[in-house]
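Data block below; observations after.
The values are calculated or read from the model by the stated rules, or taken from the named source; none is laboratory data. Fair warning: this is a prediction, and the values are worked out from it, not measured in the lab. Here Cβ is always computed from backbone atoms with ideal geometry, including for glycine, and neighbour counts include all displayed protein chains. When the accessible area is computed, the model is the full protein with side chains, heavy atoms only, and any ligands, DNA or RNA have been set aside. Shrake-Rupley method; radii C 1.70, N 1.55, O 1.52, S 1.80 Å.
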Amino acid sequence: KLLPKSSSRLEDAFAPGCLDVGQGATSWELQQLAASCWVQVCRHLPAFARQWWTRLDKESQGTVEKITCNNVTPALWAKEVDIIVSSEKSENLTLKVRESVREVVATYSIDEGSMELVVTLPSNYPLGGLTVDSARRVGVETAQWRKWMLQLTTFLTHQNGSIYEGLNLWKKNVDKRFEGVEECYICFYILHGSNHQLPKLGCRTCKKKFHSACLYKWFSTSNNSTCPLCRNLF
């Protein structure tokens with residue numbers, strides 16, 4: 001509601017620049033501030049922005065989506081490209097950007113096996129979620145591959161972070177899996193999505209290990225202190 005109505009003024013409001021709004025702020029400065037706030041929310045809290053947008057009425061959704069497609073998504077994609085291009089090179093993970101179609105191709109290689117997946121950023125990101133498609137996999141079981149794909153999709157959809165951060169977490173989980181570390185049997189991640197900790201708390205009966213944060217949530221929601229798998233007292 002604070003943004004200008006005309007498309008030309010709207011584009012100017014989203015133009016990057018130094019903004020200093022004081023007590024005597026003009027209506028134009030407030031419009032620039034509103035535009036800047038929406039860009040920052042979309043960049044740093046994409047999952048929150050998506051949840052807020054889905055609760056709007058149809059007309060408001062259309063207006064916000066149009067503004068986002070034209071003024072926010074291109075800037076966010078440019079930032080994602082900068083992060084990936086300037087990131088440190090990994091020994092077994094190669095990232096390639098296809099700028100014209102807003103795609104990131106990730107290739108993970110180990111011994112004789114290799115995996116390739118494609119992350120696509122939609123034209124209305126972050127209102128529309130990122131998609132993850134399988135391009136190639138060699139030497140990986142179908143069930144395990146599907147689990148890894150689901151993990152990455154879940155992270156990119158529900159966590160607040162960049163594509164690079166999601167792919168980096170996915171890589172670390174795959175690294176640990178090849179090292180023989182088992183995933184947490186609550187979230188099915190090896191590294192926790194938020195604190196990146198390994199599953200360390202083990203059940204004395206079934207010997208399976210869990211993240212401390214996952215166990216705390218399990219105990220809180222189930223109102224008991226039994227193992228999520230064997231149901232014996234933890």
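With a ≥ b ≥ c taken as the square roots of the eigenvalues of the C-alpha gyration tensor of segment 122-202, please select rounded if a/c is under 1.5 and otherwise prolate if a/b is larger than b/c or oblate if it is not?
Oblate, since a/c reaches 1.5 and b/c is not below a/b.
For segment 28-160, what does the accessible surface come to per residue with a 1.4 Å probe? Please give it in Å².
55 Å²
Using only alpha carbon pairs under 8 Å that are at least six residues apart, calculate the relative contact order of the chain and give it in whole percent.
About 11 percent, as a whole number.
Provide the net charge surrounding THR131, with neighbours chosen by a C-beta distance below 13 Å and charges set as Lys +1, Arg +1, Asp -1, Glu -1.
Summing Lys and Arg as +1 and Asp and Glu as -1 gives -1.
Is segment 75-149 rounded, prolate or oblate when judged by the Cα gyration tensor, a ≥ b ≥ c being the square roots of its eigenvalues, rounded requiring a/c under 1.5 and prolate requiring a/b larger than b/c?
Since a/c reaches 1.5 but b/c is at least a/b, the shape of segment 75-149 is classed as oblate.
Could you sort ARG136, ARG50, ARG146 by accessible area so the largest value comes first, with the probe set to 1.4 Å?
ARG146, ARG136, ARG50
Among [x] -0.29, -0.46; [y] -0.41, -0.60; [z] -0.51, -0.66, which is the computed log10 I(q)/I(0) by the Debye sum over Cα atoms at q = 0.08, 0.10 Å⁻¹?
[y]
Heads up, I need the accessible area for LEU201: 1.4 angstrom probe, whole protein in place, Å², nearest 10.
Result for LEU201: roughly 80 Å² accessible.
Could you work out what % of the accessible surface of the chain is carbon and sulfur, using a 1.4 angstrom probe and leaving DNA, RNA and ligands out of the count?
51 percent
Which sequence of PHE178, PHE234 reflects their accessible areas, 1.4 Å probe, from the largest down?
PHE178, PHE234
Compute the acute angle (0 to 90°) between the alpha-carbon long axis of helix 142-158 and the principal axis of greatest extent of the alpha-carbon atoms of the chain; round to the nearest 10°.
40 degrees
Distance between Cα centroids, segment 171-234 to segment 64-79: provide it in whole Å.
38 Å
At a probe size of 1.4 Å, how large is the accessible area of LYS66, to the nearest 10 Å²?
Spelled out: LYS66, probe radius 1.4 Å, area about 140 Å².
Based on DSSP H runs of at least 4 residues, each adding -39500 (n - 2.57), what is the mean residue ellipticity at 222 nm of the chain after dividing by all its residues, to the nearest 500 deg cm²/dmol?
It comes out at -14500 deg cm²/dmol, rounded to the nearest 500.
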